[in-house]
Amino acid sequence: MWGSDSKLVRDREKWKKSNPVSKAWDPHLRSTYNVTDYNIQARDGEIGHVEDFIIDDDTWAIRYLIIDTMNLWPGKKVLLSPQWIERISWDESKVFVNLSCESIKQSPEYTEESLLTRDYETSLHRHYNRRGYWFD
């Protein structure tokens, strides 16, 4: 069943030995699970928390964070691009963005029933005066 490929390791004892390359660890890398529920800190106040993520099916890139703003505006959800994140504080469980609360409040609303179309994305990026990822 092993096949005839000479690169396959057939010795179980060798499987247990660590590979230094596979042990490389980035201390800044976090799971989306860890960042879910982090508070969003705008320039002038807290605006909600990370509820979920939208991930590109083709590239596996995180395209947007779904932000629940129920603390300020009941029931409204908005999208923020990870490119707009200024920094993340792991100790405070906060995501900092260089956007005002008002600009986020006026952002196009996102609902789970909404289709994420290029028109919606264009209006979102235009609202924040940001260049779309699809131009890069």
Residue list for the range 114-136, restricted to those being among the basic types (Lys, Arg) and open to solvent by less than 100 Å² (accessible area, probe 1.4 Å): Arg130
Any hit, the range 48-64, residues being in contact (Cβ under 8 Å) with a residue 24 or more places away in the chain, in a loop (DSSP other than H, G, I, E, B), more than 14 Å from Ser107 (Cα to Cα) and open to solvent by 50 Å² or more (accessible area, probe 1.4 Å): no
Of the criteria (1) open to solvent by 50 Å² or more (accessible area, probe 1.4 Å); (2) touching a strand residue (DSSP E or B) at 6+ places or on another chain (Cβ under 9 Å); (3) modelled with pLDDT under 90, which one Pro27 fails: (2)
Where a residue in the range 86-113 is in contact (Cβ under 8 Å) with a residue 60 or more places away in the chain and surrounded by 12 or more Cβ atoms within 10 Å (Cβ to Cβ) and its partner, wherever it lies, is part of a loop (DSSP other than H, G, I, E, B) and of a type in the set (D, E, K, R), with Cβ under 9 Å and at least six apart: Trp90/Arg30
Qualifying residues in the range 71-85 (those that are surrounded by fewer than 16 Cβ atoms within 10 Å (Cβ to Cβ) and of a type in the set (A, V, I, L, M)) - the one nearest to Gln41 (Cα to Cα): Ile85
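The values are calculated or read from the model by the stated rules, or taken from the named source; none is laboratory data. Since the model is a prediction, treat every value here as computed from it, not as a measurement. Glycine also receives a Cβ, built like all others from the backbone with ideal geometry; neighbour counts cover every protein chain displayed. We work out accessible area using only protein heavy atoms, side chains counted, and drop any ligands, DNA or RNA first. Shrake-Rupley method; radii C 1.70, N 1.55, O 1.52, S 1.80 Å.
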